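Q: This structure is in structure tokens; I'll ask about it shortly.
The values are calculated or read from the model by the stated rules, or taken from the named source; none is laboratory data. Quick caveat, the model's predicted, so the values are computed rather than measured. Positions of Cβ are backbone-derived with ideal geometry, glycine not excepted, and every protein chain shown enters the neighbour counts.
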Amino acid sequence: MAQRVQGTEDLYGGYMRAWQRMVDVARELFGAYGFDMIETPAIEQVDTFVHGIGESTDVVRKEMFRVFSGALLPEVLERGGESHLKPRQRMAMRPEGTAGVVRAAVEHNFVPQGGAPAKLWYGEAMFRGERPQKGRLRQFHQVGLEWLGASDPAADAEVIIVLMEYFRRLGFESSQLHLTINSMGDSSCRPAYRQAVRQFILDHADEMCDDCIERAELNPLRAFDCKNDHCRAVMEAAPKVTDALCEDCRSHYEQVKRYLDEAGIAYTEDPTLVRGLDYYTRTVFEVEVEGSGVGAIGGGGRYDGLMELEGGKPTPGIGFAVGFERIYLALQAQGIDLAGEEPGCVYVACMPEQRAAAFSATLSLRNAGVRTEADYQGRSLKAQFKQANRLGARICVVLGSDEVAAGVATVRDMASHEQVQVPLDQLAAFVAERL
Ligand code: AMP
């Protein structure tokens, strides 16, 4: 039997409704904040991610799925996969949404000099070659937004506010959510800080794991995220970014916090929160659910240098992404079903002689937007009623010979068993009102 790839999931039934709900809630909420939906391709040039996410990040170094067209052709295999391709022809599946949106913004000049900011959101699948485990998949789904062209600390605060409101609308209690924030500095203060952390790791090399020693050269700040408890304990004494911020970054961070306080958003400051991607500058944030055990359900930050890295003009930006699968698990653990109820339907039952009348009644109901089912297997009337129950129909429309002769249908409420006769030409309006 054919099977899906490990670490991927089929979305169907209630799980699919839950994903749709996440997208619907996003559309309504983000729309009110002025964000429009965007969908960028699932494949991009490798360099879009290498420049955007950073060559030294785990995502780029270890987790991207590369795409080889014609990869099974002997001549392609012989030439060594993609080694013959020019950089522009090398492709990868998107491991996150920001790099692609920023690439699109550069390509289509979404933020012209002196023009209005671009506010975009997406809901789509992401691909990372990780070792699959609970809440960690190779194909997962994110909803995220990007606000390009705004440097004001109020934008940082609003992005965090809309994120927290999104979680609230999905069913989380604010008191269960743990928001952590930090400032990572910018191109004027971060390089010196990075160097200080690098030196700290090298000074403590005999106490740290090999990965951290490698990180010292590649991406020293990632040592704060090391899975090894001992390394983490050592890193507690490392220099803190908040002590190394330049005056502009410090003042920006203070203002973000003041806006959050004003909006009544609770947060914890964590000077070791660095997030995995290189592009962040200044504000970064992450949200966890108290005791859920699924890790962060969302996070984001400011990326003022990213547009330039993708070949555009210097343009500030900030955004976040949340993970559908982890949100679903975290809500499920609290007994909240993101899928909601199954949509109600109407079942049209008939005697074999009334098939034609049932056919047109079904069409008129569907044209009125009513989810309608009927029999397509020549079942007996009794079996049709059974089927209606199995489908969870709330209303059953019955067409027997007497009804059709009188130009009416019997409309039966499946819960109360009440029945009324309704003229066929009023059937759709009558049923639509009662569903
Ligand atoms: P990141 O882009 O790594 O900051 O991820 C943003 C959010 O996406 C996380 O908070 C998770 O909720 C989700 N996420 C990231 N990686 C995975 C994965 N491999 N499987 C499932 N969800 C993920």
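Q: Among the listed residues Gly264, Gly305, identify the single one that is away from the ligand (no atom under 16 Å from the Cβ) and free of Cβ contacts under 8 Å to residues at least 24 places away in the same chain. It would help to see each step written out before you state the result.
A: Numbers: Gly305 fails: free of Cβ contacts under 8 Å to residues at least 24 places away in the same chain.
Testing whether each residue is away from the ligand (no atom under 16 Å from the Cβ) and free of Cβ contacts under 8 Å to residues at least 24 places away in the same chain leaves just Gly264.
Q: Could I ask something else about it? Residue by residue through segment 173-207, note down the ones that are buried (at least 21 other Cβ atoms within 10 Å of the Cβ), aliphatic (A, V, I, L, M) and under 19 Å from Cys231 (Cβ atoms).
A: If the condition is that a residue be buried (at least 21 other Cβ atoms within 10 Å of the Cβ), aliphatic (A, V, I, L, M) and under 19 Å from Cys231 (Cβ atoms), then Val197, Ile201 are the ones that fit.
Q: Can you name the number of the only condition in (1) of a type in the set (A, V, I, L, M, F, W, C); (2) assigned to a strand (DSSP E or B); (3) within 12 Å of the ligand (Cβ to nearest atom); (4) within 26 Å of Glu262 (Cβ to Cβ) that Ile181 fails?
A: Answer for Ile181: the failing condition is (3).
Q: State whether the residues of segment 262-270 include one that is in contact with a strand residue (DSSP E or B) (Cβ under 8 Å, 6 or more places away or on another chain), of a type in the set (S, T, N, Q) and in a strand (DSSP E or B).
A: Yes, segment 262-270 contains a residue that is in contact with a strand residue (DSSP E or B) (Cβ under 8 Å, 6 or more places away or on another chain), of a type in the set (S, T, N, Q) and in a strand (DSSP E or B).
Q: Further question: Kindly indicate the residue of segment 283-298 that is under 19 Å from Ile53 (Cα atoms) and crowded, with 23+ Cβ neighbours inside 10 Å and also nearest to the ligand (Cβ to nearest atom) among those meeting that condition.
A: Checked segment 283-298; the qualifying residue nearest to the ligand (Cβ to nearest atom) is Gly298.
Q: Now a separate question. Can we say Ile336 is under 37 Å from the mean Cα position of the chain (by Cα) and assigned to a strand (DSSP E or B)? Even if it seems obvious, please write down each step before you answer.
A: Values: under 37 Å from the mean Cα position of the chain (by Cα): yes; assigned to a strand (DSSP E or B): no.
The answer is no for Ile336.
Q: Another question, if that's okay. Mind listing whichever residues of segment 80-94 are charged (D, E, K, R), within 26 Å of Gln139 (Cα to Cα) and more than 28 Å from the chain's Cα centre (by Cα)?
A: Start the filter on segment 80-94 by keeping residues that are charged (D, E, K, R), which leaves 82, 86, 88, 90, 94.
Subset that is within 26 Å of Gln139 (Cα to Cα): 82, 88, 90, 94.
Across segment 80-94, the qualifying residue is only Glu82.
Q: Moving on to the next point. Write out, first by first residue and then by second, each pair whose Cβ atoms fall under 8 Å of each other, whose residues are 6+ apart or on separate chains, and whose first residue, in segment 121-132, is hydroxyl-bearing (Ser, Thr, Tyr) while the second is part of a loop (DSSP other than H, G, I, E, B) and near the ligand (Cβ under 9 Å from one of its atoms).
A: Close Cβ pairs (under 8 Å, with a partner that is part of a loop (DSSP other than H, G, I, E, B) and near the ligand (Cβ under 9 Å from one of its atoms)) amount to Tyr122/Gly97.
Q: Kindly evaluate Phe324 against the criterion of being within 16 Å of Gly97 (Cα to Cα) and either at pLDDT 95 or above or more than 10 Å from the ligand (Cβ to nearest atom) (or both). Explain how you work it out, then say what you get.
A: Values: within 16 Å of Gly97 (Cα to Cα): yes; either at pLDDT 95 or above or more than 10 Å from the ligand (Cβ to nearest atom) (or both): yes.
Yes.
Q: Oh, and also: Within the group Gly54, Gly144, which residue is buried (at least 19 other Cβ atoms within 10 Å of the Cβ) and either more than 22 Å from Tyr279 (Cβ to Cβ) or more than 20 Å from the chain's Cα centre (by Cα) (or both)? Quick ask: steps written out before the conclusion?
A: On the way: Gly144 fails: either more than 22 Å from Tyr279 (Cβ to Cβ) or more than 20 Å from the chain's Cα centre (by Cα) (or both).
Answer to the check: Gly54.
Q: Restricting to segment 86-128, name every residue that is of a type in the set (S, T, N, Q) and away from the ligand (no atom under 13 Å from the Cβ).
A: Initial filter on segment 86-128 (of a type in the set (S, T, N, Q)): 89, 98, 109, 113.
Gln89, Asn109, Gln113 - these are the residues of segment 86-128 that are of a type in the set (S, T, N, Q) and away from the ligand (no atom under 13 Å from the Cβ).
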